[in-house]
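Structure first, commentary second.
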Amino acid sequence: LRFAEATPCELLYQVSEAQAKKFAADMRATRAAKTAAEMVMVMRSAFAAFLPVGAVNPFGVRKKGRKGVAKHAGGETVGRKPLTGEQLQTLLDSAKRTDTLLYRLAVVAVFTSLRIGDVCRLQWASVDLRGEGWIKVLTSKTGTEIEVPFLDVRLREVFEAALAEREEGQDLVFPEAAKMYEGKTKAGNETCGMIYYRGKALFARAFADAPGSPVDVAEDGGPAGSKVELP
C-alpha cells in the first residue's frame, strides 16, 4: 500500500528502477535497517512473482549467493533447472552415439550423483560388481564415505564395458578421463576444462534443434554455455 501510494503507476511493469530505488531509500531513511531490508526483499519477491515473463524486476535480483545456487560473473543469482526424464534420455542417447567416454561418465554421474571429478578419478577398489552391485567412495568435496547401489542397468553395463578394456594393474576405472581431469599442459595449465568443454559440446549436439532447448548454442554451432548441469 505504501509503495502504491508513492508510485504513480497502474501496472507493475511500468514501475521504473529509479522509483524502486527511491522507495527503498525512503524506507531506509524512516525505518530500522532490518525492517527496511525486509520490506525491500518482500517487494523484490512480489515483483518477481507477478511481473509478466520477460519484464525486468525494478528491485533487481538477489545478489547474495547461497549454497547450491550458481552465479554469473557479475554476481547475480542464477536458478538452475534439472533435466526432465525425456531430456536426460535424449542427452544419454546422443552421448552414446557420439562420445563413448562421456557417455560412461554421464551415466555414472547421473545414477550415483557423484561430482564429475569423483567420477573421473573413480578406482576399481570402490566398485563391486557382485550381486546387485554398488559403489563405495569418499567424496572429494566433503570427505564423506557414500555407498550407492546400482539402481539402473546402464550403470552395470558401463562398468562391465570398462572392465573388459581394463589393462593389468590398472586402478582407475576411467584412466583417460582421470588424465584429462588431473593433467596439465606443457605450459602448466590444468586440462580439466577439456572434460567440461566436451560436456557442453554434448549438450549442444543433443539439444541444438530441440524446441525449448536447455542450452545456448553459439552462432558457429558450438556450445555457448549450459543452463543445466549434470548432478
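The values are calculated or read from the model by the stated rules, or taken from the named source; none is laboratory data. Predicted model, so just to flag it, every value in this text is computed and none were measured. Cβ: placed from backbone, ideal geometry, glycine included. Neighbour counts: every protein chain shown. Protein only, heavy atoms only, side chains kept; ligands, DNA and RNA dropped before computing areas. Shrake-Rupley method; radii C 1.70, N 1.55, O 1.52, S 1.80 Å.
Observations on the structure shown:
- Accessible area of the range 98-200 belonging to carbon and sulfur atoms, whole % at 1.4 Å probe: 50
- Additional length obtainable on full extension of the chain from Ala18 to Glu86, 0.36 nm per residue less Cα span: 20.1 nm
- R0 of 25 Å, Cβ-Cβ distance Arg28-Ala4: FRET efficiency to nearest 0.05: 0.85
- Taking the three principal axes of the alpha carbon atoms in the range 125-193, the coordinate ranges are 46, 31, 22 Å, sorted in descending order.
- Listed pairs Lys81/Lys179; Lys136/Lys179; Lys21/Lys200; Lys34/Lys200; Lys22/Lys81; Lys136/Lys200 exceeding 32 Å between Cα atoms: Lys21/Lys200; Lys34/Lys200; Lys22/Lys81
- Given +1 at the Cβ of Lys and Arg, -1 at the Cβ of Asp and Glu and no other charges, the dipole of the range 112-195 around its Cα centre is 340 debye to the nearest 20.
- Stokes-Einstein D for the range 81-144, Kirkwood Rh over Cα pairs, 4 °C, 1.567 mPa s (µm²/s): 99
- Pair Ser140, Lys186: separation of 7 Å Cα→Cβ label points (nm): 2.6
- Here Leu151 and Thr98 are evaluated by their C-beta separation; at R0 = 25 Å the FRET efficiency comes out at 0.50.
- Pair Leu163, Asp128: separation of 7 Å Cα→Cβ label points (nm): 1.3
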